[in-house]
């Protein structure tokens, strides 16, 4: 048991994702949550909402430049197990973005950057511990993000201090490393997802900052009957990102930083159908030299195993 606790501590304190590279002032919305239970494959839809306010004055006050951007993301996602050790997951987002301030109210929508992630299962074990079953699994993997979302170089707002978030895609390839760990004693469990994403420069010489992400959830499974289980969960989501770069080495001031979000949600499995919802709220944040504030986030999803 001591080895299990040590492993969990290593995973949750080490340097650490999939989702929006742009929204959230560069730290993005990399929430993974608890994957649906499946033996072979699943496909589903996720809806995510988040937002950010930037060009803030002292103490987070509003000024005539203060801007609010809202991101609504509808995402087709799915995964398939290949044999007993390999898993392939894919994410196809469609983005709706709104920007409002005293001068404008603008909207854009379109396909985002697609991502494919391959996982390898290091172990999956079950043991009897004090009469109860102790289950744990560990997956590691790597991903590739393709520049399928439109990137508009005219949206950089010219100024070095401005965010470059009113974009459907990054315009560049990205690479990522992932870890998924789950430990459960009978019905009580802890789920950890960690990742590190490396962004590259696009053809307009703009590079979004690399990103480190961790979310950890505690959950409990209530079995209603043989086909229905309900798993309420709560935990934390930590994100940190380096500053964006343009013209190779010029830092974009109001980017990067870190945030800690509290999360609460539930997952429901009904036969081959999985439903889920969660809410995330900032607990502590230091984004864009404190000129940026992340807003509350939410996610809904439905998936089908087959």
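The values are calculated or read from the model by the stated rules, or taken from the named source; none is laboratory data. Everything numeric in this text was worked out from a predicted model, so none of it was measured. Here the Cβ positions follow ideal geometry from the backbone for every residue, glycine too, while neighbour counts run over all protein chains shown.
Answer yes or no as to whether residue 183 is in a strand (DSSP E or B) and more than 15 Å from the chain's Cα centre (by Cα). In short, yes.
Only one of the listed residues (151, 119) is within 21 Å of residue 211 (Cβ to Cβ) and assigned to a strand (DSSP E or B). That residue is 119. Counting just the residues of the range 215-258 that are under 17 Å from the mean Cα position of the chain (by Cα) and buried (at least 23 other Cβ atoms within 10 Å of the Cβ), which one comes out nearest to residue 277 (Cα to Cα)? That would be 217.
Just name the residue that is surrounded by the most Cβ atoms within 10 Å (Cβ to Cβ) out of those in the range 279-295 that are outside any strand (DSSP E or B) and touching a strand residue (DSSP E or B) at 6+ places or on another chain (Cβ under 7 Å). That would be 288.
A count restricted to the range 130-144 and to residues that are in contact with a strand residue (DSSP E or B) (Cβ under 7 Å, 6 or more places away or on another chain) and either farther than 30 Å from residue 92 by Cβ or assigned to a loop (DSSP other than H, G, I, E, B) (or both) stands at 5.
Screening the range 227-254 for residues that are at pLDDT 90 or above and in a loop (DSSP other than H, G, I, E, B) and picking the one that is nearest to residue 197 (Cα to Cα) gives 242. Of 265, 276, 298, all but one fail to be closer than 30 Å to residue 59 by Cβ, in contact with a strand residue (DSSP E or B) (Cβ under 6 Å, 6 or more places away or on another chain) and part of a strand (DSSP E or B); the exception is 298.
With respect to (1) under 24 Å from the mean Cα position of the chain (by Cα); (2) assigned to a strand (DSSP E or B); (3) within 23 Å of residue 167 (Cα to Cα), the lone exception for residue 87 is condition (3).
In the range 163-180, the condition of being in contact with a strand residue (DSSP E or B) (Cβ under 6 Å, 6 or more places away or on another chain) and exposed (fewer than 15 other Cβ atoms within 10 Å of the Cβ) is met by at least one residue.
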